[in-house]
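Since the structure comes first, as structure tokens, the remarks are kept for the end.
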Amino acid sequence: MVYPHRDDLHKIVILNPKGGSGKTTLAVNIASYFALRGPMPTLIDCDPHGFATEWLRRRPTNRPIIHGITPHKHSIHATISWQLRLPAETDTAIIDTPAALDGAELHDLTYEANCIIVPIMPSAIDIRNAAKFIAELLLLAQIERHKRTLAIVASRTRHNTLALKQLMRFLSSLRIPIIAILRDSQNFVQAANEGIGIHEMPAYQVRKDIGQLNLVMRWIEQSRQHNRPAKDPLPMQDERPLSGRPLH
């Protein structure tokens, strides 16, 4: 086991101060995608509710391995630096964060992050909370827009609704890329119940959802290449699914 601050580690953080915004849904689907590609990713569940950990427990034993870490069982403040230890073969860490982070926690969780994704739902309350949070994120965590580390995903949306139009107007004013618009789809619910991701479901069943989720993965890969040190070029990835079992 090694510490997570490594030049070869791709650290992806999913953030939103409001519960129910789709953080865990996004985190587990990103973890599933990287598990299929290999090598084994690590899913770090910092949310005391432990939804990502429960998803891992439901994961079938014949699916690609995803290593799990649950630092919230101890203390975010005390364990963020040493309990988030990763297997040597892991080069991607996905962090599912809790709601209502204070400034110190926000800084710790986003430190050396290659990708920070903020899922936002189309409601007036979510938009107001997101506006305040993103301002705090840019200030306290000192995230710089030009470094291509911060992006937004519209979450749990319904096509051609007034709420979605209002959300898109708000997001377009932030000068932060909107990388995908995820539907309020039962496919995500079914996948979560089975401990799998959208990419592990039959293609015909998820054809309306897979395209937007692929946009998230494409942005993550592009951000990875942009932020990778020049001395460590992006290795070729194997597209074929792997076999294995989850670690708990």
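The values are calculated or read from the model by the stated rules, or taken from the named source; none is laboratory data. Bear in mind that the values here come from a model prediction, so they are computed numbers and not experimental data. Please note: Cβ atoms are built from the backbone with ideal geometry, for glycine as well, and neighbour counts cover all protein chains shown.
Which of the residues spanning the stretch 169-193 are under 22 Å from Ser223 (Cβ atoms) and assigned to a helix (DSSP H, G or I)? Across the stretch 169-193, the qualifying residues are Leu171, Ser172. Residues that are in a helix (DSSP H, G or I) and farther than 18 Å from His159 by Cβ within the stretch 199-213 comprise His199, Glu200, listed in sequence order. Based on what the data block shows, is Asn16 part of a loop (DSSP other than H, G, I, E, B) and either at pLDDT 95 or above or crowded, with 24+ Cβ neighbours inside 10 Å (or both)? So Asn16 passes the test. Cβ-Cβ distances below 8 Å connect the following pairs, each with a first residue in the stretch 203-214 that is under 15 Å from Ala192 (Cβ atoms) and free of Cβ contacts under 8 Å to residues at least 40 places away in the same chain, a second residue that is of a type in the set (D, E, K, R) and surrounded by 15 or more Cβ atoms within 10 Å (Cβ to Cβ), and a separation of six or more residues or different chains: Asp209/Arg183.
Out of Ile134, Ile198, one residue alone is among the aliphatic types (A, V, I, L, M) and either modelled with pLDDT under 95 or surrounded by fewer than 12 Cβ atoms within 10 Å (Cβ to Cβ) (or both). It is Ile134. Here Leu43, Leu26, Leu36 are screened, and the one residue that is at pLDDT 85 or above, assigned to a helix (DSSP H, G or I), closer than 20 Å to Leu182 by Cβ and under 11 Å from the mean Cα position of the chain (by Cα) is Leu26. For the stretch 186-195, a residue qualifies if it is buried (at least 17 other Cβ atoms within 10 Å of the Cβ) and closer than 20 Å to His159 by Cα, and the qualifying residues are Asn187, Phe188. Scan the stretch 94-132 for residues that are in contact with a helix residue (DSSP H, G or I) (Cβ under 6 Å, 6 or more places away or on another chain), of a type in the set (Asp, Glu) and more than 15 Å from Asp47 (Cβ to Cβ) and the total you get is 0.
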